[in-house]
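Student: This is the structure I want to talk about, given as structure tokens.
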Amino acid sequence: MNHFTYHRGILHAEQVPLAAIAEAVGTPTYVYSTATLTRHFRVVTEAFGQHPHLLCYSVKANSNLAVLRLFAQGGGGFDIVSGGELARVRQAGGAPSRTVFAGVGKTPDEMEQALAAGILMFNVESAEELEMLDAVGRRMGTRAPFALRVNPDVDARTHRYIATGLKTSKFGVPFEEAVALYARARKLKGLRAVGLDCHIGSQLTSAAPVKAAISKVAGLYRSLREQGHPLVHLDIGGGLGITYAEETPPSPQEYARTVLEAVKGTGAHLILEPGRALVGNAGVLLTRVLYRKRTPAKLFVVVDAGMNDLIRPALYEAHHGLRPVVKRRGKAVEVDVVGPVCESSDVLARARPLVLPQQGELYAVMSAGAYGMSMASTYNSRPRPAEVLVDGAAWRVVRERERVEDLWRGERA
């Protein structure tokens, strides 16, 4: 569900016409809906009912401080993958004690920062990382709380770039090595085993791989507890998909039923790490038509948002809906909607049936709240977009548009 709807033919974010935002702020601009963000957070966490759990929002999906603050105020925790994301969480008012630190390449400095801040736990992804975390813990005179991220070798049935639970993935430790690593950690003075972790991928549209992976990991959790490891947390990762086009992902309620059935009898405190499911459909990217261009093979519509602003279509061949901000009647024609970046891959939509867009017309690229601005770059020396947060009839800029001068800040000629 989202709060981007037409009123008298004009697309609104909640009660604010998107055209008014574009007129005031310019394009391209990301626009987020507070009502959608807070509703999604509430629906996902409520789906797990009275079972002890902590929703740790995956910061990499959308790291804007205003978005993080909304989730912190709602009682959420955070899933981070860098020291920079930890700093963002703290700046937004999030609690390190409700934050888990994932990622295959944590540096010793990042480990020290997180330990000093009071991180809930580290999700450790290799034997050598475990040894490094032990060394950091001993140097700081403490025991670092950790969970091993295990790789259950389950096919998430998603795009190969966002599948993380196969044995060919760089993520996690092989399932069969986990028991020996926990036994090794028991002998190390700088470590404290507090949980077990698993995450099989992003944009999951079926409950079957979730059931297979969590059932397998829950069995390992029970076994480790029986061996005397004082585990408390079972981190089931995130990855619940959203609808971009025709997908029918499990509802939060179906997802929760699948997970709770799989972990029955473990007594584990669950950690959930949704990202896309909370923010994906809570944001759009506003863009303006620059030109139309007809060739013998195609009809192109050139807009002012490019792959540096939203890389998902170029990187994953991902589909994003396109809606005119002001509805027009007419016969649909097939067009390729492309950006201004000097790459053939800079295509936002291929073979899309649209009433022929006019120069200057505004469009909303839908479902752009996740992995949009957080993956944006300044490629082609293009300043990154502004970000706007809408709340009812009010709106505010929560990130100013980059200026040209920002492009070379820190450089020396």
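Student: From the phi angles alone, apply the Karplus equation (6.51, -1.76, 1.60; θ = phi - 60°) to segment 320-325 and give each ³J(HN,Hα) in whole Hz, x where the residue is Gly or Pro.
Tutor: Karplus-based 3J(HN,Hα) across segment 320-325 equals 10, x, 10, 10, x, 5 Hz.
Student: Within segment 35-59, whose backbone N sits under 12 Å from a point 7 Å along Cα→Cβ of GLN253?
Tutor: 47-48
Student: Could you work out the pair-distance distribution P(r) of segment 210-332 from its alpha-carbon pairs, with 5 angstrom bin width and percents rounded to whole numbers?
Tutor: 2, 8, 13, 15, 13, 10, 9, 8, 7, 6, 4, 3, 2, 1, 0
Student: What list of ³J(HN,Hα) values in whole Hz, one per residue of segment 76-82 in order, does the Karplus curve 6.51 cos²θ - 1.76 cosθ + 1.60 (θ = phi - 60°) give from phi, with Gly and Pro shown as x?
Tutor: Result, rounded to whole Hz: x, x, 9, 10, 10, 10, 7.
Student: In a GNM of the chain with a 10 Å cut-off on Cα contacts, which of ARG329, ARG403, ARG222 has the highest mean-square fluctuation?
Tutor: ARG329
Student: When TRP395, TRP408 are ordered from fewest to most other Cβ atoms inside 10 Å of their Cβ, what list results? Working shown, then result.
Tutor: On the way: TRP395 23, TRP408 11.
Listed from fewest to most nearby Cβ atoms, that is TRP408, TRP395.
Student: Can you quote the Å³ per residue value for the convex hull of the Cα atoms in the chain, rounded to an integer?
Tutor: For the chain, the hull spanned by Cα atoms encloses 151 Å³ per residue.
Student: While we're looking at this one, here's another question. Would you order ILE200, ILE119, ILE271 from fewest to most other beta-carbon atoms within 10 Å of each residue's own beta-carbon? Please report the intermediate quantities before stating the final value.
Tutor: Numbers: ILE200 30, ILE119 22, ILE271 26.
Starting with the residue having the fewest Cβ neighbours, the order is ILE119, ILE271, ILE200.
Student: So, one more: Among VAL104, VAL263, VAL59, whose mean-square fluctuation peaks in a Gaussian network model of the chain (Cα, cutoff 10 Å)?
Tutor: VAL104
Student: Could you work out, for segment 63-152, what percent of all Cα-Cα pairs fall into each 5 Å distance bin, beginning at 0 Å and stopping at the bin that holds the largest distance?
Tutor: The percentages, shortest bin first, are 3, 15, 27, 22, 16, 10, 5, 1.
Student: With the crude spin-label approximation of a point 7 Å out along Cα→Cβ, what separation in nm comes out for SER223 versus ALA208?
Tutor: A separation of 2.5 nm, rounded to one decimal place.
Student: Can I ask one more? How much of the DSSP beta bridge set in the chain is antiparallel, as a percent to the nearest 5? Write down the numbers at each step before the final one.
Tutor: Working: 35 of 72 bridges.
Close to 50 percent.
Student: To the nearest 10 degrees, how steeply does helix 34-47 sit against the main Cα axis of the chain, on a 0 to 90 scale?
Tutor: Long axis of 34-47 versus the principal axis of the chain: about 30 degrees.
Student: Could you derive backbone 3J(HN,Hα) for segment 364-380 from the dihedral phi with the Karplus parameters 6.51, -1.76 and 1.60 (θ = phi - 60°), listing whole Hz in sequence and x where the residue is Gly or Pro?
Tutor: The phi angles translate into 10, 7, 7, 6, 10, x, 10, 6, x, 5, 5, 10, 5, 9, 9, 4, 6 Hz.
Student: Could you tell me what a quarter of the Cα convex hull surface of segment 293-413 works out to, in nm² with one decimal place?
Tutor: 9.7
Student: Here's a follow-up. Report, by chain and number, residues whose modeled amide H sits under 5 Å from the one on LEU348, excluding near sequence neighbours (fewer than 5 apart, same chain).
Tutor: Answer set, sorted by chain and number: VAL337, VAL338, GLY339.
Student: Further question: Based on the Cα atoms of segment 34-276, what semi-axes does the equivalent ellipsoid have, where each is the square root of 5 times one gyration tensor eigenvalue, given in whole Å with the largest first? Please report the intermediate quantities before stating the final value.
Tutor: Details: eigenvalues 135, 95, 52 Å².
Sorted largest first and rounded, they come to 26, 22, 16 Å.
Student: Taking H as built 1.01 Å from N, whose amide H comes closer than 5 Å to the amide H of ASP235, not counting residues under 5 places away?
Tutor: Result for ASP235 returns LEU196, ASP197, CYS198, ILE271.
Student: Looking at the chain as a GNM with Cα springs under 10 Å, which of LEU86, LEU354, LEU362 has the largest mean-square fluctuation?
Tutor: Taking springs between Cα atoms under 10 Å, the residue moving most is LEU354.
Student: For ARG294 paired with ALA183, estimate the spin-label separation in nm (one decimal), with each label point 7 Å from Cα along the Cα-to-Cβ line.
Tutor: My value for the distance between the label points is 7.4 nm.
Student: Rounded to the nearest 20 debye, what is the charge dipole size of segment 34-276 about its Cα centre when +1 sits on each Lys and Arg Cβ and -1 on each Asp and Glu Cβ?
Tutor: Values: 28 positive and 23 negative charges, 96 e Å.
Here segment 34-276 has a charge dipole of around 460 debye.
Student: When the convex hull of the C-alpha atoms of segment 1-136 is computed, what volume per residue in Å³ does it have?
Tutor: Here the figure is 138 Å³ per residue.
Student: Starting from the alpha-carbon convex hull of segment 281-323, give the projected area averaged over all orientations, in nm².
Tutor: Result: a mean projected hull area of 3.8 nm².
Student: Of the listed pairs LYS60/LYS211; LYS187/LYS211; LYS60/LYS298; LYS60/LYS293; LYS293/LYS331; LYS106/LYS187, which have alpha-carbon separations greater than 29 Å here?
Tutor: Values: LYS60/LYS211 25 Å; LYS187/LYS211 33 Å; LYS60/LYS298 36 Å; LYS60/LYS293 36 Å; LYS293/LYS331 18 Å; LYS106/LYS187 22 Å.
Violating the 29 Å limit, Cα to Cα: LYS187/LYS211; LYS60/LYS298; LYS60/LYS293.
Student: Under a 5 Å amide H to amide H cut-off, with H placed in plane at 1.01 Å, what residues pair with THR29 once short-range neighbours are removed?
Tutor: Excluding prolines and chain starts, which carry no amide H, the hits are LEU286.
Since every read-out is calculated from the coordinates, none of them should be taken as a lab result. Predicted model only: the values in this text are computed from it and were never measured. Because the Cβ atoms are built from the backbone with ideal geometry, glycine has one as well, and the counts that use them run over all protein chains shown.
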